[in-house]
1. Find the relative contact order for region 1-111 and round it to a whole percent, using C-alpha pairs within less than 8 Å whose residues are 6+ positions apart.
2. Would you calculate, for the chain, the mean residue ellipticity at 222 nm contributed by helices, counting each DSSP H stretch of 4 or more residues as -39,500 (n - 2.57) and dividing by all residues, to the nearest 500?
3. Using only Cα atoms and rounding to the nearest 10 degrees, what angle (0 to 90) does helix 527-541 make with the longest principal axis of the chain?
4. Specify the inter-centroid distance of region 163-211 and region 334-361, based on alpha-carbon positions, in whole Å.
5. Counting only C-alpha contacts under 8 Å and six or more residues apart, can you give the relative contact order of region 348-407 as a whole percent?
6. How high is the relative contact order of the chain, given as a whole-number percent (alpha carbon pairs under 8 Å, six or more residues apart)?
7. Would you work out if region 1-126 is rounded, prolate or oblate? Take a ≥ b ≥ c from the square roots of the eigenvalues of the alpha-carbon gyration tensor; rounded if a/c is under 1.5, else prolate when a/b is larger than b/c, oblate otherwise.
8. Provide the gained length on full extension for the span residue 182 to residue 397, in nm with one decimal, where the gain is 0.36 nm per separating residue minus the Cα-Cα distance.
Ligand code: PMP
């Protein structure tokens, strides 16, 4: 594959980000789009737009043909038995929900079991939680091994006639593991269970042949396959159609409607109520043409090469740990998730962004998986056909810079590990010691919002408010589930005055610094003053003007994160924890 020629097909790759060429390493979240896909979308609207199926005129027929052609392309790309096995949906998530309602509500009963794996994306968990709630079914876990593979022996042992459905991802969006789905289908079928496979991370990277895998349901998202957002496909084993009810009702999905009853069109139309995303389907078809022209075997080989290169380079960095099985036949190579001792994933992602490198940080919608590894968040670099080894080199260089800058905190408890739960009295004290602050590399050009970074790093490396407070009457913990950051506030009140304040917890530089600033600002203040500071900080982070006469001190530098909603949550955590503790105190009558 000529990677440079491929890159020229992606207009967005010509963009600069923070003064650097964009290195887009977040294709597992959504892929960039080649010109052919963008052109197909605009050509559809320029030349062929009309509503489909019902029009008795040529333009509508043309639009209908384009929409149905796209269905045919999806079917042959995935090896579906026929175009009618393909239901267009908004995304993989909607595909799973359609099955949970359309098939699950009719076939799953109280006491039945639904098997899910611990590496599922929330999209392949929450719809089953809801189904279990509606029906009284029970969710059971297929565990995973320490190296991020399914425990197949445990899976086989769980199988019984009580299992109605097995929901499993084809490729993990955190580990890169390729699960043995053909074997899972065969075993599940032997006990009469249906199988739904989440192909969101597989279809963009592997040749898929559903004729061989033969699952009951397979879902994909177009936007992860170089196609548009708002479009996806559910492929249904045609015999399962007979066991399903419509999910949404309305136009397009009916045969005949009386005032008080209706009959339904044949599948797949039965499951496509309302006007669909016709342009999206056409552009999805164009994306599939584009991938098919590259050849999915070639794409898979290239992913493996880039992934293996990234894995090798990253694993040589001290203090960096990669999740998942790593290079081998059951690893897609399309992504690498890792933790770095020196810094929190949110800080890593922001530092990389300052160098034009886009990666994802957080729980990746896989909280049960994160818990399995005792983590709250990781950093994930994920790849596509345009990814180059040079971009991986930039990633590694930038990470070396992050290590130099954040290393003084190592050992001071800044990791993204899961602490104890929220609520009162948890006392999640980690990292009471501060770093040395020597050789922090603050002069390094890792960003242009220098003042904020300097003040934040100063608070982060030497946080205030860590000293114990004797006789605290108020203790309250807050948690940011996005990244697992935790704060525990302990306050000693003397009448209306905050005589002592201790801020414990762990998290990224922004949340730790924000907690330190809070401690400095609140000590010795009255509760009304604390409420005014709280209101002012929240207003500032929402982009509103500060109330006249309010001096937030160092807290004001946090407005540098105003445009980054994820970081706003980090900055707010200590303050929302304060707010909750004050509100709790009021309801308990414990303090005003
Ligand atoms: N499953 C997996 C494995 C995913 O990675 C994702 C997207 N991150 C989804 C499901 C959900 O995809 P969508 O948001 O497009 O529905």
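Read-outs: derived from the displayed coordinates by stated rules, not from any lab. Not measured: the values here are computed from a predicted model.
1. Working: 59 pairs, mean separation 12.1, N = 111.
Here the relative contact order equals 11 percent.
2. Values: 18 runs with 215 residues, N = 592.
Calculated from helices alone, the mean residue ellipticity at 222 nm is -11500 deg cm²/dmol.
3. Tilt relative to the chain: about 40 degrees.
4. 29
5. Working: 42 pairs, mean separation 21.8, N = 60.
Once normalised by length, the contact order is 36 percent.
6. On the way: 1218 pairs, mean separation 78.0, N = 592.
Relative CO of the chain lands at 13 percent.
7. Values: a/c = 2.51, a/b = 1.19, b/c = 2.10.
Verdict is oblate for region 1-126.
8. Working: separation 215, 0.36 × 215 = 77.40 nm, distance 4.00 nm.
Fully extending the segment from residue 182 to residue 397 adds 73.4 nm.
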